[in-house]
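A quick write-up on the structure given underneath.
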Amino acid sequence: MSGDELLRYRAHGGPMKVDQRLTVLADGGAVLDERHRRRDPTHLALGSRELEGLRAALDRVPENLWSRTPPALRIRKADLWRIFGLSQRHFAPTRFRLTRQGRNLTGWLDDPDPALEDLLRRLEDVRARAVREAEALNPT
């Protein structure tokens, strides 16, 4: 990860089979790459309050949730039910992955760890704003 990146956030799967990758830079710039759509990456700038709120939420994530093991090699027993569609309650769940300074954190957007809720809410707000801006420029 580059020195000017604050974090990378990926949301993928779900009923719409999205694959969106958001990179937030330390200076407040952000880029959304929508791999499931054919459009150029969307660039936006976070306000200073928005960026500081994101940093504060990121700093509150407990250290033990981060891992250096690649996400594909970490599967919890509860995840097997979702991966193989054995639970009707979790039809087409949306996964997320956070990457920061070479460490990863993965989970499900529909059932996040309570310690991540504030950070994920903030990231989802940025992602939604980027999608709205992209849609205004290049409707699908």
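Values quoted throughout were computed directly from the atomic coordinates according to the rules given, and no laboratory measurement underlies them. What you see is a predicted model; the values in this text were computed from it and never measured. A quick note on method: Cβ atoms are made from the backbone with ideal geometry, for glycine too, and the neighbour counts reach across all protein chains shown.
Some values worked out for this structure:
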quantity	calculated
Shape category assigned to segment 22-61 from the gyration tensor of Cα positions, a/c cut at 1.5	prolate
Amide H contacts of LEU7 (H built 1.01 Å from N, under 5 Å, at least 5 apart or other chain)	VAL24
Distance (nanometres) between label positions extended 7 Å along Cα→Cβ at TRP66 and ARG129	2.4
Using a Förster distance of 25 Å, the FRET efficiency for GLU52-ASP19 (Cβ separation, nearest 0.05)	0.30
